[in-house]
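The values are calculated or read from the model by the stated rules, or taken from the named source; none is laboratory data. The shown structure was predicted, so the numbers you read here are calculated from the model rather than taken from an experiment. Here the Cβ positions follow ideal geometry from the backbone for every residue, glycine too, while neighbour counts run over all protein chains shown.
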Amino acid sequence: MSSASFTGGSRAGSALRIGDTPFTLQTLGRGGHLRGVIAIAAGDLDQEGRGVVTAVIAMAGLALEQQQGLSRARGALRTGLLQTLLTGDPALARRISRDLWGPLPAAPVVVAVTDAAAARADGVSELLELRVEESRGCLFFGRGDDGLVIVVPAGELGPIPELAERFGVKIGLSDPAGYDAFASALGQARVARDRGTTGVTPFADVARSGVLSALTDDARALARAELAPLYDHDAANGTRLIETLQVWLDEDCSHEASAQSLGVHRHTIRTRLALAERVLGRDLSSFATRAELWAALRALDTPAR
């Protein structure tokens, strides 16, 4: 039986010989959902022997199908428990988890979320199920809307680095949190995952880069539209309105400090800002206007993701 028979997802049987020992090979599982190959070391079988082999293969395939059904049921239950955790009341999840898999990880916990592709990978879930059995009370996971959500005690990442390396998935980590803040922690994990490039990304690393670093391309497009009249006026008339506005905002709107920074008289700063107001049609004495223009300038300085 060639490897293509298995990877292609079709049922197949074959025979081979290793040294002096002949083997009979038969795939297990339904076509399109193959689960493995059973190898039987045997010589030429009579009709009764072939019947035994056929029965063994059938029973093994049935057992695997039943196991798959149980796995799907456990997955659905985990997803339901995850939804209860998002309400901030872990009582029901604690009770069911304790009876089936052991206690939930002790708070404070770190919430992790994988990319969406990992949620569809059987291998990821199977590995997590194995790690749950090995470390009862130190790991919980369930399928979220856009990835697998994993919960571990703070300071104990458990299988998370292994998942990232073995399956090449992106994983975001929240800051430590109690179950009463589970929804917020999951939000942090999603931000960290989406802002990360590869492997495991803690939310703390993303937070250090500041709010403006998370601006999307939509925000940059809005910023360019907001400031376009000033850029156009500078290009057409040789003025320095954008530069003056940026320095003035960076200098806490001080005319004196802005004049010193640009090497001009403070009256020049006033004149340029008055012109900028007319070009933009905005009142620069308004804090909201200043804040919006400052954010627009910073958005255009921030590299696109």
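Among the residues examined, Ile160 does not qualify as in contact (Cβ under 8 Å) with a residue 12 or more places away in the chain and closer than 21 Å to Ala93 by Cα.
Selection of the stretch 262-290 for residues being in a helix (DSSP H, G or I), of a type outside the set (Val, Ile, Thr) and out of contact with any Leu (no Cβ under 9 Å at 6 or more places or on another chain) yields Leu262, Arg266, His267, Arg270, Arg278, Phe287, Ala288.
For the stretch 155-167, give me each residue that is part of a loop (DSSP other than H, G, I, E, B) and either within 12 Å of the chain's Cα centre (by Cα) or of a type in the set (D, E, K, R) (or both). Once the filter is applied, which keeps residues that are part of a loop (DSSP other than H, G, I, E, B) and either within 12 Å of the chain's Cα centre (by Cα) or of a type in the set (D, E, K, R) (or both), the stretch 155-167 yields only Glu156.
Conditions: (1) at pLDDT 90 or above; (2) out of contact with any Leu (no Cβ under 7 Å at 6 or more places or on another chain); (3) not in a helix (DSSP H, G or I); (4) not basic (Lys, Arg). Val113 meets all but one. Number of the miss? In the conditions (1) at pLDDT 90 or above; (2) out of contact with any Leu (no Cβ under 7 Å at 6 or more places or on another chain); (3) not in a helix (DSSP H, G or I); (4) not basic (Lys, Arg), Val113 misses (2) alone. On the given criteria, is Asp89 within 30 Å of Ala204 (Cβ to Cβ) and at pLDDT 70 or above? Criteria met by Asp89.
Scan the stretch 223-266 for residues that are on the phi > 0 side of the Ramachandran plot and touching a residue at least 24 places away in the same chain (Cβ under 8 Å) and the total you get is 1.
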